[in-house]
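Undergrad: Would you mind keeping the following structure in view while I ask a few things?
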Amino acid sequence: MPLALIGASPIRHQPGPFRDLLHQGGFQTVDPQGDDVLTDSQLFDSLPACEAIVAGGERISAALIAACPKLRVIARTGVGYDAVDVAAASARTIAVTITPGTNHDSVAEQAFALLLGVARRVAINDQIIRSGGWNRTIVRPLRNTTLGLVGLGRIGRAMVPRARAFGMRVLAHDEVTDPVFDAEHGIERCPFEMLLAESDVVSLHVPLTDATRNLIDERRIALMKPGSILINTSRGGLVDEEALYQALTSGHLAGAGLDVFRVEPTPADHPLIALPNVVSSPHIAGVDERSMADMAKMAAHCIVELHEGRWPGDCVVNPEIRPNWAW
């Protein structure tokens with residue numbers, strides 16, 4: 001009986017439809033003991049015996065892949081896969097899958113939670129009151145302001161109706177055009193630098209690649225509207241954190257809402273999280289009760305589909321392996 005390791009911490013040791021799917025598909029599930037995100041040593045202890053993994057945020061390195069001769073599928077719960085060495089997986093003809101369409105609403109909700117936390121001073125006012133203070137500093141409205149979406153994929157699009165509900169104008173920058181969607185939702189497309197200059201809020205919704213690493217750097221932060229807010233629910237590597245810190249302490253940016261950081265878990269002495277105009281969360285934007293269940297179920301479905309000889313094309317990120325792929 002093939003083994004499927006459950007790596008994603010919210011579903012490890014938990015029942016659910018994802019586990020039923022795997023069992024019905026002939027798999028035995030393995031739930032290792034370990035940290036919230038499994039460490040390299042914990043993965044090296046448990047993954048080599050397995051043929052599939054339902055992966056969370058753990059790093060699937062080339063060295064780990066080389067140590068797992070039976071591995072056929074790395075099924076990510078989520079749409080990001082920068083933690084997986086896809087090239088190493090492809091070299092071994094291992095399918096890497098993601099779960100598109102399962103967590104975009106969750107990410108959009110968290111992005112607005114962070115935005116409201118910054119603009120309406122929710123976090124800092126809560127701390128002041130808990131410490132015995134009472135500060136009635138005037139807060140910022142969202143209505144009649146401009147939201148700039150960097151990336152208009154599923155998550156970026158999920159931001160649009162929420163922005164409209166708050167009475168915001170929406171700008172977007174994305175290499176893929178969709179005039180029908182833009183017309184239906186009143187989206188104004190513009191060059192990236194124009195978006196930075198005109199937006200009161202810039203929200204990042206692009207994947208981390210070599211081309212997007214440090215996308216928000218010192219030069220581009222300088223182009224941002226004075227007093228604007230940065231929201232990042234994508235990947236920490238998109239932002240030059242030192243440049244962001246300087247912009248937040250100088251007053252050029254009014255605040256930032258960050259669900260992701262360059263190093264995670266974020267060290268307690270990280271300079272950004274000490275700032276009162278930063279609201280943060282522990283890389284949980286895409287994970288709520290509903291989205292986690294949906295992601296786990298789709299990841300399990302991908303594993304079973306592949307095991308039974310079917311190709312879940314919309315989910316496979318390295319489709320070039322298909323001609324030579326076999327279980």
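Only the coordinates and a few stated rules stand behind these numbers; no lab work does. Since the structure is predicted, the reported quantities are computational estimates derived from the model, not experimental observations. Here the Cβ is made from the backbone with ideal geometry for all residues, glycine too, and neighbour counts use every protein chain on show.
Undergrad: About the Cα centre of region 60-167, what is the dipole size in debye to 20, counting +1 per Lys and Arg Cβ and -1 per Asp and Glu Cβ, all else neutral? Don't skip to the end; give the middle numbers.
TA: On the way: 14 positive and 5 negative charges, 63 e Å.
In total the dipole reaches around 300 debye.
Undergrad: For region 150-224, with only Lys/Arg (+1) and Asp/Glu (-1) charged at the beta-carbon, what is the dipole magnitude about the Cα centre, in debye rounded to 20?
TA: Values: 9 positive and 12 negative charges, 56 e Å.
Value, rounded to 20: 260 debye.
Undergrad: By how many degrees, 0 to 90 and rounded to 10, does the Cα axis of helix 289-307 deviate from the longest principal axis of the chain?
TA: That helix lies at roughly 30 degrees to the long axis.
Undergrad: Can I ask one more? Got the relative contact order for the chain handy, in percent, Cα pairs under 8 Å and 6 or more residues apart? Walk me through the numbers on the way to the answer.
TA: Numbers: 600 pairs, mean separation 64.7, N = 327.
Contact order relative to length: 20 percent.
Undergrad: When the helices in the chain are scored as -39500 (n - 2.57) per DSSP H run of 4 or longer and the sum is shared across all residues, what 222 nm value do you end up with, to the nearest 500 deg cm²/dmol? Could the numbers behind the result be given before it?
TA: Values: 12 runs with 112 residues, N = 327.
Using -39500 (n - 2.57) per qualifying helix, the result is -10000 deg cm²/dmol.
Undergrad: Could you tell me what a quarter of the Cα convex hull surface of region 32-72 works out to, in nm² with one decimal place?
TA: Working: hull surface 10.5 nm².
Projected area, direction-averaged: 2.6 nm².
Undergrad: Test of understanding: in a Gaussian network model of the chain with alpha carbons linked when under 10 Å, which of LEU114, LEU152, LEU306 would top the mean-square fluctuation ranking?
TA: LEU306
Undergrad: Which of the listed residues, GLY78, ILE124, GLY25, is farthest toward the dipole's positive end in region 17-137, when Lys, Arg count +1 and Asp, Glu count -1 at the beta-carbon?
TA: Positive-end residue among those listed: ILE124.
Undergrad: Next up: Could you state the angle between the C-alpha long axis of helix 241-250 and the longest principal axis of the C-alpha atoms of the chain, as a value from 0 to 90 degrees rounded to the nearest 10?
TA: For 241-250 against the chain, the angle is about 20 degrees.
Undergrad: With a 10 Å cut-off between alpha carbons and a GNM built on the chain, which of ALA55, ALA66, ALA165 moves the most?
TA: Maximum among the listed residues: ALA165.
Undergrad: Would you mind ranking MET1, MET295, MET194, MET159 by Cβ crowding within 10 Å, fewest neighbours first?
TA: Numbers: MET1 8, MET295 30, MET194 15, MET159 27.
In increasing order of surrounding Cβ atoms, one gets MET1, MET194, MET159, MET295.
Undergrad: A further question on this structure: Quick check: from the Cα gyration tensor, does region 270-316 come out rounded (a/c under 1.5), prolate or oblate?
TA: Working: a/c = 5.17, a/b = 3.27, b/c = 1.58.
Prolate, because a/c is 1.5 or more and a/b exceeds b/c.
Undergrad: Also, quick follow-up: When a/c is below 1.5 the answer is rounded, else prolate if a/b is larger than b/c, else oblate, so apply that to region 175-243 with a ≥ b ≥ c taken from the square roots of the Cα gyration tensor eigenvalues.
TA: oblate
Undergrad: Another question, then. Classify region 158-294 as rounded, prolate or oblate, taking a ≥ b ≥ c as the square roots of the eigenvalues of its Cα gyration tensor: rounded when a/c is under 1.5, otherwise prolate if a/b is larger than b/c and oblate if not. Let's see the in-between values first.
TA: Numbers: a/c = 1.68, a/b = 1.24, b/c = 1.36.
It comes out oblate by the Cα gyration axes.
Undergrad: Can you list the residues, at least 5 places off or on another chain, whose amide H is less than 5 Å from the amide H of SER280, using H built in the peptide plane?
TA: LEU258
Undergrad: Report the rotationally averaged projected area of the chain based on its alpha-carbon convex hull, in square nanometres.
TA: On the way: hull surface 71.6 nm².
That works out to 17.9 nm².
Undergrad: Compute the separation of the alpha-carbon centres of region 273-327 and region 52-92 and state it in Å as a whole number.
TA: The distance from the Cα centre of region 273-327 to that of region 52-92 comes to 11 Å.
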